[in-house]
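J.: Starting off with a structure, shown below.
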Amino acid sequence: MCGKIRNYNDAASDIIERVMCLNEKNPKIIKILVMQINETIDRMDSVNRIEHFNEYNTKESVYLDITTALMRNSSGECIGVICSFNDITNRKKIEESVERIDRLTSLGELTAALAHEIRNPLSGIKMSAQILNKRLTSHLKASEQNLFEAIIKETDRLDLLITDLLNFSKPRIPKFQIIDVFEILNRALLFSDKKIREKNTIVSINNDIDESQVYFDKGQLLQIFLNIISNSLDAIDTEGGLKISVEKLVYKNDACICVSFEDNGCGIDKENINRIFDPFFTTKESGTGLGLSVVHKLATSNNGNIEIESIESVGTIVKVYLPKYRGEINEY
């Protein structure tokens, strides 16, 4: 075999061009295809693998099911290798979504029970510390006073964690209403203004659409936006940027409004990207790992969705798909 490509179809060309820059040297997809072809030749047997790539323009994930097999002539002699690859991105996303829902359902039941059991004695600990602190104030040294304040502060922190657990395990049933995306987005940015100024972050908003009404729970949409903005600011270095864009599009055959949050922060390791919605998974030193789990649950319970694309050391794009208000259709 001479090692040359003998033929390829338009579909193969389109897929390869999607995941590589035309001027790129040693593109990832070519290296993977060559390696798998060589493995097929060495083993004298077919090889099948699913590989992950990022679309060159949008940085969105692309999953390819790649199969390489030997080509033989009528005499059984090996005359080459045929390589076929299919874009299974949609199938992969559905599979991951089903797996995530299964994990969240079983874990949600457990966390709800634990949260209630922990909160009751925690309230007693806080009340006792407050009473003792008040009664003994005149007899306490400054260091002893600090100990009481630390106990009360830590019980408040644990109570906040329990609230997150309960929100994750059994979020409030959405109260659907007609809301304007930009009204909620501006409120979220207002609440985040202190952190934005501290980081000296440049925030830009694309406001080109004429209709921005969605059918969603107002409080839960605000919670989603606040969490995403907070995560973006945590990932951004001082004087970084956060681009927010709002556009109308069709997602899974339904009209929706997509709100995208694009930062130029530290990004997410490719080994962690599939775990970001898992409860208790976090790379932050002080994080609970419940924020994005709650956000994902709130989005789906409101008939929306959330997707995250990220490249380490480049940045992250979070896309929130919100069901567009469609008049009387939403009322029934």
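Coordinate-derived values only; no laboratory data. Predicted model, so just to flag it, every value in this text is computed and none were measured. Methodologically, a virtual Cβ is constructed for each residue, glycine included, from the backbone with ideal geometry; neighbour enumeration extends over all protein chains shown.
J.: Taking H placed 1.01 Å from N in the peptide plane, check which residues at least 5 places from G304 or on another chain put their amide H under 5 Å from its amide H.
T.: When sequence neighbours closer than 5 places are left aside, there are no close amide H contacts.
J.: Using +1 at the C-beta of Lys and Arg and -1 at the C-beta of Asp and Glu, which of I202, V294, I152 has the Cα lying farthest in the positive direction of the dipole of the chain?
T.: Toward the positive end, the furthest listed residue is I152.
J.: Any chance you could give the angle, 0 to 90 degrees and rounded to 10, that helix 291-301 forms with the longest Cα principal axis of the chain?
T.: Roughly 80 degrees, rounded to the nearest 10.
J.: Can you give the angle from 0 to 90° between the axis of helix 181-191 and the longest principal axis of the chain, with both taken from C-alpha atoms, to the nearest 10?
T.: Between helix and principal axis, roughly 50 degrees.
J.: State to the nearest 20 debye the size of the charge dipole of the stretch 135-288 about its Cα centre, where the only charges are +1 on K and R beta carbons and -1 on D and E beta carbons.
T.: Result for the stretch 135-288 is approximately 500 debye, rounded to the nearest 20.
J.: Starting from the 7 Å offset along Cα-to-Cβ, what nm value, one decimal, do you get for the label separation of N272 and T67?
T.: With each label placed 7 Å out from Cα toward Cβ, I get 3.7 nm.
J.: Can I ask one more? Hey, got the dipole for the chain? About the Cα centre, +1 on K and R Cβ, -1 on D and E Cβ, debye to the nearest 20?
T.: Approximately 740 debye in magnitude.
J.: Sticking with the crude label model, points 7 Å out along Cα→Cβ, report the distance from I79 to R197 in nm, one decimal please.
T.: Roughly 7.5 nm, to one decimal.
J.: Related question: How large are Rg and Dmax for the stretch 1-86 when only the alpha carbon atoms are used, in Å?
T.: Gyration radius and largest Cα-Cα distance of the stretch 1-86: 13.8, 47 Å.
J.: Helix 28-43 against the longest principal axis of the chain: what's the angle in degrees, Cα atoms only, rounded to the nearest 10?
T.: Relative to the chain, helix 28-43 is tipped by roughly 60 degrees.
J.: Have a look at I308, S143, M20 and report the one farthest towards the positive end of the charge dipole of the chain, computed about the Cα centre with Cβ charges (Lys/Arg +1, Asp/Glu -1).
T.: Highest projection toward the positive end goes to S143.
J.: While we're looking at this one, here's another question. Aspartates and glutamates near K297 by alpha-carbon distance under 19 Å, same-chain residues fewer than 8 away left out - which ones?
T.: Hits, sequence-local ones excluded: E95, E96, E99, D102, E109, D164, D217, D278, E307, E309.
J.: OK, next. Relative to the present Cα-Cα distance, how much length would full extension add between S97 and R6 at 0.36 nm per residue of separation?
T.: 28.8 nm is the gain from fully extending S97 to R6.
J.: When the distances between all Cα atoms of the chain are binned every 20 Å from zero, what whole-number percent does each bin get?
T.: Final binned percentages: 24, 46, 24, 6, 1, 0.
J.: Need one number: nm distance between label points at K25 and D237, each 7 Å from Cα along Cα→Cβ, rounded to one decimal.
T.: That separation, rounded to one decimal, is 2.5 nm.
J.: In terms of the Cα gyration tensor, with a ≥ b ≥ c the square roots of its eigenvalues, is the stretch 188-332 rounded because a/c is under 1.5, prolate because a/b exceeds b/c, or oblate?
T.: Here the stretch 188-332 falls in the prolate category.
J.: Over the stretch 224-276, what relative contact order in percent results from Cα pairs under 8 Å that are six or more residues apart?
T.: About 35 percent, as a whole number.
J.: Right, another one. Quick check on the exposure proxy: order I257, I37, I5 from fewest to most C-beta atoms within 10 angstrom.
T.: Starting with the residue having the fewest Cβ neighbours, the order is I5, I37, I257.
J.: Which listed residue (F277, V214, T68) has the Cα farthest towards the positive end of the charge dipole for the chain, taking +1 on Lys and Arg C-beta and -1 on Asp and Glu C-beta about the Cα centre?
T.: F277
J.: What do you get for chymotrypsin sites (Phe, Trp or Tyr not before Pro) in the stretch 199-274 restricted to DSSP loop and a cutoff of at most 15 other Cβ within 10 Å of the site's Cβ?
T.: Taking the stretch 199-274 and a limit of 15 other Cβ atoms within 10 Å, no loop chymotrypsin sites (Phe, Trp or Tyr not before Pro) are found.
J.: Could you compute the longest span of the chain free of GluC sites (Glu not before Pro) located in DSSP loops and having at most 13 other Cβ atoms within 10 Å, not counting the site residues?
T.: The segment 78-210 is the longest one with no such site.
J.: Would you mind checking which residues have amide H under 5 Å from M20's amide H? H placed 1.01 Å from N; only 5 or more apart, or other chain.
T.: Y56
J.: Moving to a separate point now. In a GNM of the chain with a 10 Å cut-off on Cα contacts, which of L70, L233, L132 has the highest mean-square fluctuation?
T.: Result for the chain, Cα springs under 10 Å: L132 fluctuates most.
J.: Mind running the shape call on the stretch 240-319? Use the C-alpha gyration tensor, a ≥ b ≥ c as the square roots of the eigenvalues: rounded below 1.5 for a/c, prolate if a/b tops b/c, oblate otherwise.
T.: Oblate, because a/c is 1.5 or more while a/b does not exceed b/c.
J.: Going by Cα centres, the stretch 205-265 and the stretch 118-167 are how many Å apart?
T.: Cα centres, the stretch 205-265 to the stretch 118-167: 37 Å.
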